[in-house]
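Report on one structure; see the data block that follows.
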Amino acid sequence: MRCSLRLCVGVTGVCGVLFLGLGIGAIFLFDSLLNDQIKKNEVIEKGSYLYEQWSDIPVPIFMQFWVWDLLNPEEVLQGEKPAVRQKGPYTYSERVVKTNITFYDNGTVSYMQPRTFTFLRNMSVGPENDTFTSLNIPLVTIAELIQNERDIVKDLVSVIERLAQETLFMKLTVGGLVWGYNDSLLVDVNKLVPGLLPSAEFGLFMGRKVNGTDGVYSVFTGKGDVTKVNLIDTWDGQKKLNYWSDDPYCNMINGTDGNFFPPFITKEMKATLFSTDICRSVEGEFIRESSVRGIPTYRYEAPERLFQSGDINPDNKCYCQNQACLPSGLLNISICKQGAPVIMSSPHFYLGDQSLVDSIIGMHPDPEQHKVYFEVEPLTGFPMNVAKRLQINIFVRKVEHILQTGNVREMFYPILWLNESTFIDPVNADKFKSQVTNNIELMYGVEYGMIGVGCVLLIMFIILFVKHRKRQSSTVVGTTDERTNLLNGDTVQ
């Protein structure tokens, strides 16, 4: 029995140490194997899984628009505050397939990514030909372009506008505003001043409806250094922008195109991307751990400082134009939109100066509805849930000699806001889990299972060892007592 208990104690102790050691060793071994596998797969090259996901994005992407319908145009012309109501969403499916893919010897690949949009009536509040009252953007743009011209030029343009029966506010269709319509004023102005305007057609997303693209990207493939995969090397042949004066910070082209991020993301890292919509690079800050369809993710959000005034945030000083900084919540991108007075913000002026919200009746900023966020699987860098939300505004003011501007007050007038979003569908989520998440969970299960078994065996070893020592001690005491009794008995005799 003694030998049997002693053997059990020894075997239990050895097994406990063995399993604990194997579990700890498996952590380093499996993590190393996992990292090696990710490094191997996270390279953009033909024939790879990543190449398929990168070149033809499989997850559904939606573009939704909400337009602002002006309720009191006559009062606004007299200097009153605009009252608007939100109409939407008007939803489109978005298809992104990269073209002109060319690999280079320096570890980069160039491409274009045209987009095709298809209207989804079942996910919209109405058809594309729904009408609403909005700002006459071509008129305002022309007024701004000739703001510093001689009075005779302004008078001439004003006459043309009156002959064309142009007004500051006009009825538009949703499809016309977004994708383009022929504008009679632009036709007449181009006849008067050839070359002043690029086209007689106007639409906020005119170039993107079918096979529209936002430039030529060149990104690193990740070959040789997987931490650089999909990071932009150049955009339209440039390593930096030339919009924002000569400031190196604001003109940086940082991060990815937003399709996916490099692998091995940590909570301390910034998720950086370059957005042609706002002509600058942006950073997302880690907020918390999250989960999308059972896939562990990190949630990032656009910080308040993104559109913070340069008077408050010195890093944004270089986005101020003509030495004038806008209120917090706004970004003037006219410099990259052919001089059109386009001002970007978050929807409903979310995170903007309170004066912006108060200047328009109908603004109701809501963090849940209007913030920018994306949820990324940290090991692979794949985005699982994304919501990019922006509002397009136009700077409006009274322009002398342009009678159509009436007595309108100076303001940032909201035109529409959009939500470009993607949420991984169940089919692709299951595919990702079967290829990545489930394997990781299995490895973690084996690692911690062995550690758990080792700990249990060591606890059993301790219990058995203590029990064995107690038994040995009681046996020694019993033998001593017997000897004492025998000795006492001999002495009595």
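The values are calculated or read from the model by the stated rules, or taken from the named source; none is laboratory data. What you see is a predicted model, and the numbers here were worked out from it, not measured in a lab. We place every Cβ from the backbone using ideal geometry, glycine too, and count neighbours over all the protein chains shown. Heavy atoms of the whole protein, side chains included, go into the accessibility calculation; ligands, DNA and RNA do not. Shrake-Rupley method; radii C 1.70, N 1.55, O 1.52, S 1.80 Å.
Distance between the C-alpha centres of segment 316-389 and segment 55-97: 15 Å, rounded to the whole angstrom.
Considering only Cα atoms, the convex hull volume of segment 315-363 works out to 90 Å³ per residue.
Averaged over its residues, segment 53-145 has an accessible area of 40 Å² per residue, based on protein heavy atoms and a 1.4 Å probe.
According to the calculation over all Cα-Cα pairs in segment 290-442, the P(r) per 5 Å bin from zero is 2, 8, 15, 16, 15, 12, 10, 8, 6, 4, 3, 1, 1, 0, 0 %. Residues whose amide H falls under 5 Å from that of PHE169, counting only those 5 or more places apart or on a different chain, are ASN136, with hydrogens built in the peptide plane. Amide hydrogen proximity for VAL399: with H placed 1.01 Å from N in the peptide plane, the residues at 5 or more positions away or on another chain lying under 5 Å are THR405. Expressed per residue, the C-alpha convex hull volume of segment 97-147 stands at 182 Å³.
3J(HN,Hα) along segment 269-285: 7, 8, 8, 10, 8, 9, 10, 6, 5, 10, 6, 6, 8, 9, 10, x, 9 Hz, from the Karplus curve 6.51 cos²θ - 1.76 cosθ + 1.60 with θ = phi - 60°, whole Hz, x for Gly and Pro.
Backbone geometry of segment 107-112 corresponds, through the Karplus equation with coefficients 6.51, -1.76 and 1.60 at θ = phi - 60°, to 3J(HN,Hα) couplings of x, 10, 9, 9, 6, 10 Hz, x marking Gly and Pro. Cross-link reach is defined here as a Cα-Cα straight distance under 20 Å, omitting same-chain residues fewer than 8 places apart; for LYS81 the lysines meeting it are LYS171, LYS398. In order along segment 40-48, phi translates into HN-Hα couplings of 6, 8, 8, 10, 7, 8, 4, x, 8 Hz, rounded to whole numbers, per the Karplus curve 6.51 cos²θ - 1.76 cosθ + 1.60 with θ = phi - 60° and x for Gly and Pro.
So which of LYS98/LYS337; LYS98/LYS431; LYS39/LYS239; LYS98/LYS388; LYS223/LYS371; LYS87/LYS270 end up more than 30 Å apart, counting from Cα to Cα? Please report the intermediate quantities before stating the final value.
Details: LYS98/LYS337 24 Å; LYS98/LYS431 22 Å; LYS39/LYS239 26 Å; LYS98/LYS388 20 Å; LYS223/LYS371 35 Å; LYS87/LYS270 35 Å.
From LYS98/LYS337; LYS98/LYS431; LYS39/LYS239; LYS98/LYS388; LYS223/LYS371; LYS87/LYS270, over 30 Å: LYS223/LYS371; LYS87/LYS270.
Computed on the Cα trace of segment 215-314, the radius of gyration divided by the Kirkwood hydrodynamic radius gives Rg/Rh = 0.99.
With a cut-off of 12 Å on the backbone N, the residues of segment 377-401 near the modelled label site 7 Å out from PHE264 along Cα-Cβ are 379-380.
The peptide list 86-99, 346-359, put in order of mean Cβ contacts within 10 Å with the highest first, becomes 346-359, 86-99.
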